[in-house]
Amino acid sequence: MPITQYLTATSLDGFIADSENSLEWLFAVEQGEGADDDWNSFMGQVGAMAMGATTYRWVLEHEQLLEHPEKWQEYYADRPCWVFTHRDLPAIPGADLRFVHGDVVPVHDEMRAAAGERNVWLMGGGALVASFHEAGRLDEIRLNVAPVTLGGGAPLLPRRIEGLRLRSVRENGQMVDLVYDVPAEEGS
């Protein structure tokens, strides 16, 4: 059964980006053997993706995707991606991007239809993922916890979620990978 999952890296103190909205801190952390295989396995199960405007801007600029749009295909292939935003953002040539705003429920329905028998991946940010949870549309949280403290920045999840059930813990080089099942939100 396909699921909607939030996979992200986080600092030890619970931030997914530093105070400059950068992920540079993450690239200095040693991952374990097989990290590429793990990534390929995960992506093989993803049929659609979503991210917020800040995440999109960072990926766009960090990877210089307007100058090198082929990188998008290398990373994400032809998977459709919904970008939640209230501002105009440049589209990456050749990428299946859908710029949206508002209620996550109808967008999630579109994503599920596009994903078919594969999963929906919520890349971030935390506030967007929390909106999916509040709508009863989040099934799993997958965290790659890095041995770094940032002291501030973009929080992993800026809202309260209780009752998470730990499914697995795995050492991954200097990181720890955690997988939690998310309980259904009452009333959803």
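The values are calculated or read from the model by the stated rules, or taken from the named source; none is laboratory data. These figures come from a predicted structure and were not determined experimentally. Please note: Cβ atoms are built from the backbone with ideal geometry, for glycine as well, and neighbour counts cover all protein chains shown. To get the accessible areas, we keep the full protein, side chains included, count just its heavy atoms, and leave off ligands, DNA and RNA. Shrake-Rupley method; radii C 1.70, N 1.55, O 1.52, S 1.80 Å.
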The lone exception for R87 - which of (1) among the basic types (K, R); (2) in contact (Cβ under 8 Å) with a residue 12 or more places away in the chain; (3) more than 17 Å from A50 (Cβ to Cβ) it fails: (3)
Where a residue in segment 1-21 is without any contact (Cβ under 8 Å) to a residue 24 or more places away in the chain and its partner, wherever it lies, is among the β-branched types (V, I, T) and surrounded by fewer than 17 Cβ atoms within 10 Å (Cβ to Cβ), with Cβ under 7 Å and at least six apart: none
Leading residue by the ranking (least open to solvent (accessible area, probe 1.4 Å)) among those in segment 113-156 that are out of contact with any strand residue (DSSP E or B) (no Cβ under 8 Å at 6 or more places or on another chain) and hydrophobic (A, V, I, L, M, F, W, C): A130
Verdict on V105 being surrounded by fewer than 19 Cβ atoms within 10 Å (Cβ to Cβ) and in contact with a strand residue (DSSP E or B) (Cβ under 8 Å, 6 or more places away or on another chain): no
Subset of segment 15-47 (residues that are closer than 25 Å to R159 by Cβ, of a type in the set (A, V, I, L, M) and either in a helix (DSSP H, G or I) or in contact with an Asp or Glu (Cβ under 9 Å, 6 or more places away or on another chain) (or both)): L26
Some residue of segment 165-172 being out of contact with any Leu (no Cβ under 7 Å at 6 or more places or on another chain), surrounded by 17 or more Cβ atoms within 10 Å (Cβ to Cβ) and under 27 Å from M1 (Cα atoms): yes
Top-ranked residue in segment 173-188 [being open to solvent by 50 Å² or more (accessible area, probe 1.4 Å) and at negative phi; ranked as modelled with the lowest pLDDT]: S188
Selection from segment 27-84 of residues that are more than 22 Å from N119 (Cα to Cα), open to solvent by 30 Å² or more (accessible area, probe 1.4 Å) and touching a strand residue (DSSP E or B) at 6+ places or on another chain (Cβ under 6 Å): Q31
Contacts under 7 angstrom Cβ, first residue in segment 90-110 being closer than 13 Å to T4 by Cβ, partner aromatic (F, W, Y), 6 or more apart: V104/F132; V107/W82; H108/F132
Candidate set: segment 1-20, residues that are within 15 Å of G151 (Cβ to Cβ) and among the polar types (S, T, N, Q); chosen: the one modelled with the lowest pLDDT: S19
Which listed residue, of V120, V107, V176, is out of contact with any Gly (no Cβ under 9 Å at 6 or more places or on another chain) and within 19 Å of V46 (Cα to Cα): V107
Pair list, Cβ < 6 Å and 6+ apart or interchain, from segment 132-146 residues that are of a type in the set (V, I, T) to residues that are surrounded by fewer than 20 Cβ atoms within 10 Å (Cβ to Cβ) and in a strand (DSSP E or B): I141/Y180; V145/V176
Any chance R137 is on the phi < 0 side of the Ramachandran plot, modelled with pLDDT of 95 or more, of a type in the set (D, E, K, R) and in contact with a Leu (Cβ under 7 Å, 6 or more places away or on another chain): no
